[in-house]
Amino acid sequence: MAKIAPENKKVLKGLQAELKKLQGELVEVLKREGKDAWIDVKVRKNQGRVEKVRRQDADPTLLGKFYIEIEVTSKVAEVFVPLSIASGKKTAGFMYQIEGTAPGSIVSTDSRVRGEGVSQVSLGTLLFAKIPSGKTASFQIQATIRGQSSKKYKLVFTRLNYKLKLTDARYEQFLREIHSETITF
């Protein structure tokens, strides 16, 4: 094998570092486009409606009720998806934000999972859906938000966290945003 000149060794080392950095960025871009090596995510149902709750002693409250059904398919190995929903302070399975033409606030959220071969596993106080390789889990997410009259609102799930092993300290992330239907209050 031919000897490499010292200046070429430095160039080679720099190019290898650049290649490693670019490979990491490529993985990030592919995840944002919804191309994940471990899971496939599809939205099956996406519904929203407004409900007016009348109270005797105050103005009526406008509530937006959202229902989203998301199918998560494990491609290669079993995955564990937390059944929790959060806005970002703590790590959860489905991370959301409210987008609207005026401030809105969350009233309640609920998530359920079903699917062939899908089971629920608890790790401390956290509940995970265990999705076997090649199987699909259907997550039904219901959320209620409070908003203002004549304003538009929607829920945006900014990422979906999951684990390949329950003992892993870090989460893998599916980064393609999932948008709910936009509704006018």
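Numbers for the structure displayed
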item: The stretch 84-105: number of residues that are surrounded by fewer than 16 Cβ atoms within 10 Å (Cβ to Cβ), assigned to a strand (DSSP E or B) and either in contact with a Lys or Arg (Cβ under 8 Å, 6 or more places away or on another chain) or on the phi > 0 side of the Ramachandran plot (or both); result: 2
item: Within the stretch 141-164, considering residues that are over 19 Å from Y67 (Cβ atoms) and more than 18 Å from the chain's Cα centre (by Cα), the one surrounded by the most Cβ atoms within 10 Å (Cβ to Cβ); result: K151
item: Every residue from the stretch 33-71 that is surrounded by 14 or more Cβ atoms within 10 Å (Cβ to Cβ) and either more than 21 Å from H179 (Cβ to Cβ) or of a type in the set (S, T, N, Q) (or both); result: W38, N46
item: Some residue of the stretch 117-138 being surrounded by 14 or more Cβ atoms within 10 Å (Cβ to Cβ), hydroxyl-bearing (S, T, Y) and modelled with pLDDT under 90; result: no
item: Condition met for R159 (part of a strand (DSSP E or B), of a type in the set (K, R), touching a residue at least 12 places away in the same chain (Cβ under 8 Å) and more than 27 Å from P60 (Cβ to Cβ)); result: yes
item: Failed criterion for V27 (all others in (1) in the same structural domain as S108 (by TED's automatic domain parsing); (2) modelled with pLDDT under 75 hold); result: (1)
item: Candidate set: the stretch 165-176, residues that are surrounded by 15 or more Cβ atoms within 10 Å (Cβ to Cβ) and among the charged types (D, E, K, R); chosen: the one nearest to I70 (Cα to Cα); result: R176
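Listed here are the residues, each with its yes/no results for (1) within 17 Å of the chain's Cα centre (by Cα); (2) among the basic types (K, R); (3) in the same structural domain as G147 (by TED's automatic domain parsing).
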{"residue": "R49", "(1), (2), (3)": "no, yes, yes"}
{"residue": "D57", "(1), (2), (3)": "no, no, yes"}
{"residue": "P60", "(1), (2), (3)": "no, no, yes"}
{"residue": "K65", "(1), (2), (3)": "no, yes, yes"}
{"residue": "S74", "(1), (2), (3)": "yes, no, yes"}
{"residue": "V79", "(1), (2), (3)": "yes, no, yes"}
{"residue": "S84", "(1), (2), (3)": "yes, no, yes"}
{"residue": "M95", "(1), (2), (3)": "yes, no, yes"}
{"residue": "V121", "(1), (2), (3)": "no, no, yes"}
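The values are calculated or read from the model by the stated rules, or taken from the named source; none is laboratory data. Predicted model, so just to flag it, every value in this text is computed and none were measured. When we count neighbours, we look across all protein chains shown, and the Cβ atoms used for this are built from the backbone with ideal geometry, even at glycine.
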